[in-house]
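Okay, structure first, notes after.
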Amino acid sequence: MQFPSSPIQPLLDIRGLKTWYPVKKGVFARTVGYVRAVDGVDLTLARGETLGIVGESGCGKSTLARSILRLERPREGTIHVDGVNVLRARGAALHAYRRTVQVVFQDPYASLNPRHTVLDILTEAMLAHGLVTRENRREAAVRLLADVGMSDDILDRYPHAFSGGQRQRLCIARALALEPQLLICDEAVSALDLSVRAQVLNLLEDLQEKRGLAYLFITHDIGVVQHIADRIAVMYLGSIVETGPAPTVLGEPAHPYTQLLLRAVPKIGVPLPEETGVPSEPASRRPQSGCAFAPRCPLADDTCRAAAPILKPSPRDPNHLTACFKA
């Protein structure tokens, strides 16, 4: 896949990333196969940009995020953040990388240590990186709380005293403590009520404008990426099947899987289709050959089953790429 050339180095540059999990059987736990959670992903993300990663549960979105964070060890490929090869970083380079990239997880209830006060939660990483001292950490925590719209009278309280939306604001404040350039939001608003979800999305947009943050926003909710994303990458069974500017991907989807996702979004006054002709559950394993979506695709033919398509730009928009013979 060839991305459009740019004189500006992207903040995040992923090439040929593969993260596979071995399948073991028998008394001796022999490896009999692999689950290809991420299988040959190429992505770029510019500074200050929001890239939405969408797809069904199990398509590899969270594994991609964990691979970028070095919580999983990829089998192949490269990840460069701000020009640094993340997978080879050691010592001071790895220490600096930890400040550059931070994450907000899905569950705010599980993300916060219930035995730590808000002050400890917000300043623990800052103390580890030498950004504050025990004497002045309270002032730093107050500034973080102000950034996420919370008052400073909660510093000595514990996570159980807060609602889900407030806890997620604390998670965002903690992620901002090291002044990162890239924030990975892994289903960061999916556990929240709709009204609270909108407030958190608006907060993230305000923080992006104020701090110049780049977001890798992982979600299964098309409405969320429509609200916040500049570009969208659609993921299916470990691979990117379509990517491009958000208005183009959502307004003129080229891949049958993207079209299927958009048809599944409920619309007021429009009844859901009774029969789409497509199985409702994704294939548990990638086919041995051909397009991964072929078993579910109503347009698939022998060509689709024989060879796997690669991402190619649209004739009308070089920034809109699709991996489909029928696009």
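Throughout, read-outs are computed from the coordinates displayed, never taken from laboratory work. It should be emphasised that the depicted structure is a prediction, and the values quoted were computed from it without experimental measurement. In this analysis, Cβ positions are derived from the backbone assuming ideal geometry, glycine residues included, and neighbour counts consider all displayed protein chains.
Data overview
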quantity: Highest to lowest packing among 127-138, 62-73, scored as the average C-beta count within 10 Å; calculated: 62-73, 127-138
quantity: Dipole moment magnitude, nearest 20 debye, region 1-118 about Cα centre, only Lys, Arg, Asp, Glu C-beta charged; calculated: 620
quantity: The chain: most fluctuating residue of Val38, Val148, Val27 per GNM, C-alpha cutoff 10 Å; calculated: Val27
quantity: Fluctuation leader among Gly52, Gly244, Gly91 - the chain, Gaussian network, Cα springs under 10 angstrom; calculated: Gly91
quantity: Folded to 0 to 90 degrees: helix 194-211 orientation relative to the chain principal axis, Cα; calculated: 70
quantity: Virtual spin-label span in nm between Ala29 and Thr78, 7 Å along Cα→Cβ; calculated: 3.4
quantity: Helical mean residue ellipticity (222 nm; -39500 (n - 2.57) per DSSP H run of 4+; nearest 500) of the chain; calculated: -9000 deg cm²/dmol
quantity: As computed over region 77-148, the Cα convex hull volume per residue (Å³); calculated: 132
quantity: Rg to Rh, two decimals, where region 157-196 supplies the alpha carbon set and Rh follows Kirkwood; calculated: 1.00
quantity: Degrees, to the nearest 10: 91-100 long Cα axis against longest axis of the chain; calculated: 90
quantity: Extension reserve of the Ala146-Asp221 stretch, reckoned as 0.36 nm per residue once the Cα distance is removed; calculated: 24.1 nm
quantity: Degrees separating the helix 137-147 axis from the principal Cα axis of the chain, which is the longest one; calculated: 50
quantity: Lys, Arg +1 and Asp, Glu -1 on Cβ, resulting dipole of the chain about Cα centre, debye, nearest 20; calculated: 1220
quantity: Selected from Gln199, Thr31, Ala254, residue furthest toward positive end of dipole (the chain; charges at beta carbon); calculated: Thr31
quantity: The chain - share of DSSP beta bridges that are antiparallel (%, nearest 5); calculated: 60
quantity: Stokes-Einstein D in µm²/s, Kirkwood radius over Cα pairs - region 191-255 at 25 °C with 0.890 mPa s viscosity; calculated: 188
